[in-house]
Amino acid sequence: MLRRLLDHPVRLIVGIALALFIGYEISVQFLAYTGDAYVTTDVVVLSAEVDGPIDAIHVENNQAVAAGDGLFSIEATPYQLAVTEAEAMLAQAKAGLSLANDQVGAAKADIGSAQAVLDNANATLTRIRSLTGQGFSTDASLDEAIRDAATANANRLVAQASLGVANQRVTVATADETAAEAALAKARYRLSKTEVAAPIAGRIVPFTRRRGDSLAVGTEVMAIVTAERPRIVANVAERHLSHLAVGQPALVTIGSRPWHILSGHVSGIAAGIARSPDAQRIIPYIEPTTDWIRLPRRFPIEITLDDVPPDEALPLGADARVLIRF
């Protein structure tokens, strides 16, 4: 059989190619391999939350930082002035509220005084009416008593109206105080954002911003590569998706550690990809590769490494190769 194949090299080549193809098709039922993989981890991007020029930068490129370490600061003078102004407005609002409360107290006192005068006028009117009916008082005295009672009643109504106005002033002053407190809190918050600290430990990615650079809200300044969740993103051909499942074991080699095999497991399988770079940008887009005529699509799979020393930082973006066993 072998001699016959050797006598016909074309048959030999076709036979070898066919055997390799069959072997490959059998292997993909149990294994998935890709060289299109890389190391990734969580990256925290620090952006300006207030406008202004950079006043100071407290770190250097590639520096290790701990959570809470200062990174950079923005010119704080206008924000400190805004806090001072807001504090003055709050003090003014508090004084206005105190004055309005005093006016309420004064209005209540005026009502009490007017009520006392009215009670006295009504008592006098009652007495004079009795005396007039008995012939001991003149009609002129009765008319004067009636007028005094009516005046006292009018003065009480005026005092009650003044109390209503004073209560309205208290309501307005209370609202002014609440607004002033909110404005002060906002001013203090914006002032606090002039000092930017590391939210998590990691290493500073090389940055280009320098002292004096003017920043707008949302301007990216620097980033921190953390040691949180180091993992491998492997772009696997779509033909393997039906066999993949979370938890399947994987073997990984990293470009920065050649010939060193690491073990891991599948920790995430992409639900979908974008079909063009102009599609939904929040969904990953992976450039298709030419495989004969067909352009196979690849889907990102996350591999969590099981045996990486905790004190060893994997280089972000390093190439990797992955073999997954179904």
> Can you tell me which of R156, R211, R239 is surrounded by 17 or more Cβ atoms within 10 Å (Cβ to Cβ), at negative phi and charged (D, E, K, R)?
Replying inline: R156
>> Residues to consider are A107, A100; find the one that is in a helix (DSSP H, G or I), closer than 30 Å to Q160 by Cβ and touching a Ser or Thr at 6+ places or on another chain (Cβ under 6 Å).
In response: A107
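Taking G112, is it buried (at least 16 other Cβ atoms within 10 Å of the Cβ), under 29 Å from N167 (Cα atoms) and of a type outside the set (K, R)? Before you say what the answer is, go through the steps one by one.
Numbers: buried (at least 16 other Cβ atoms within 10 Å of the Cβ): no; under 29 Å from N167 (Cα atoms): yes; of a type outside the set (K, R): yes.
Against the criterion (buried (at least 16 other Cβ atoms within 10 Å of the Cβ), under 29 Å from N167 (Cα atoms) and of a type outside the set (K, R)), G112 does not qualify.
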> Can you tell me how many residues in the stretch 175-191 are hydrophobic (A, V, I, L, M, F, W, C), farther than 16 Å from V50 by Cβ and surrounded by fewer than 19 Cβ atoms within 10 Å (Cβ to Cβ)?
Replying inline: 3
> Just for the stretch 11-50: of the residues that are surrounded by 11 or more Cβ atoms within 10 Å (Cβ to Cβ) and part of a loop (DSSP other than H, G, I, E, B), which one is modelled with the lowest pLDDT?
Replying inline: V28
>> Under 8 Å between Cβ atoms, which residue pairs at least 6 apart in sequence (or on different chains) link something in the stretch 128-155 that is in the same structural domain as A107 (by TED's automatic domain parsing) with a partner that is hydroxyl-bearing (S, T, Y) and at pLDDT 75 or above?
In response: A145/T124; D148/T124; A149/T124
>> Pull out all pairs, ordered by first then second residue, where Cβ-Cβ is under 9 Å, the residues are six or more apart or on different chains, the first lies in the stretch 243-271 and is free of Cβ contacts under 8 Å to residues at least 40 places away in the same chain and more than 24 Å from Y285 (Cα to Cα), and the second is among the small types (G, A, S) and outside any loop (DSSP other than H, G, I, E, B).
In response: G247/S267
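The values are calculated or read from the model by the stated rules, or taken from the named source; none is laboratory data. Treat the numbers as computed from the prediction; the structure is a model and nothing was measured. Neighbour counts run over all protein chains shown; Cβ positions are idealised from the backbone, glycine included.
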